[in-house]
Amino acid sequence: MAVSLKGGRAMKKPFLIAVSGGSGSGKSTIVRMIADAFLESEVLIFSQDHYYKDLSHLPKKKRDEVNFDHPDSIDDTLLLEHITQLLEGKSIPRPTYDFASHTRLKETVSIKPKPTIVFDGIFTLAFEKIRNLTQLKIFMEVGDDLRFIRRLQRDMEERGRSVESVIKQYIETVRPMHIQNIESTKPYADLVVLWEHYNLQSVNMIVSLIQQYHATH
């Protein structure tokens, strides 16, 4: 099935892949490895992280109390709208989220669809309407200890967090919410990938599935 693009061109409906798993499970790494197997024009990496709800209306203290490890923290209405538009061959004004202030920036980024869309984030399998649009659902499996270490390093280096705040958040919300809201989505996955370090066999399998889809559609 072809979708229309501006200017009269047409392309096949994009192949949508969802990559889920807990924070620090290797989602970003496997997504990059999949994308590296294709030309830049062929794969769009589309992150759920830009779709956290804007909390600019709340005082800073209240923002810090929000549970970001629950699906309710995601603007799933806008996310569904944008994924649907991309699958229809339309460009979207993707929001940009600032994790330091928990707010959505005024600037948006124009994103064009590509033949393969790899959608990654901890809640990519959490919303039924989005799951129903997804043709390949992947869940990344990594032990809790390793995921915590990766999360600690990322939040300190990239998001300006202190060790104490990361540990407190992990104990109070991240771990219990992972069990309740993320691990519970694993049964929806078509493929569970073990990722203690790298799993090149799984990467090659996913790349092959993408190639087969485009060869037969």
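For this structure, a couple of remarks:
- Among the residues listed as Met177, Met205, the single one being modelled with pLDDT under 90 and of a type outside the set (D, E, K, R): Met177
- Within the stretch 92-117, the set of residues being of a type in the set (S, T, N, Q), crowded, with 17+ Cβ neighbours inside 10 Å and farther than 14 Å from Val31 by Cβ comprises Thr103 only.
- If only residues of the stretch 24-63 that are of a type in the set (Lys, Arg), modelled with pLDDT of 90 or more and farther than 17 Å from Arg104 by Cβ are counted, the one that is farthest from the chain's Cα centre (by Cα) is Arg32.
- Only a single item in (1) within 28 Å of Leu209 (Cα to Cα); (2) surrounded by 14 or more Cβ atoms within 10 Å (Cβ to Cβ); (3) without any contact (Cβ under 8 Å) to a residue 24 or more places away in the chain is not met by Glu81, and it is number (2).
- Taken together, Pro95, Pro71, Pro59 contain a single residue that is over 20 Å from Ser208 (Cβ atoms), touching a Leu at 6+ places or on another chain (Cβ under 9 Å) and not polar (S, T, N, Q), which is Pro95.
- Single residue of Asp145, Asp120 found to be among the acidic types (Asp, Glu) and buried (at least 21 other Cβ atoms within 10 Å of the Cβ): Asp120
- The stretch 25-53, residues that are surrounded by fewer than 23 Cβ atoms within 10 Å (Cβ to Cβ), closer than 23 Å to Gly143 by Cβ and of a type in the set (Gly, Ala, Ser): Ser28
- With respect to the conditions (1) over 29 Å from Tyr198 (Cα atoms); (2) over 17 Å from the mean Cα position of the chain (by Cα), Leu152 lacks only one, and its number is (1).
The values are calculated or read from the model by the stated rules, or taken from the named source; none is laboratory data. Please read these numbers as outputs of a predicted model, since none were measured by experiment. Because the Cβ atoms are built from the backbone with ideal geometry, glycine has one as well, and the counts that use them run over all protein chains shown.
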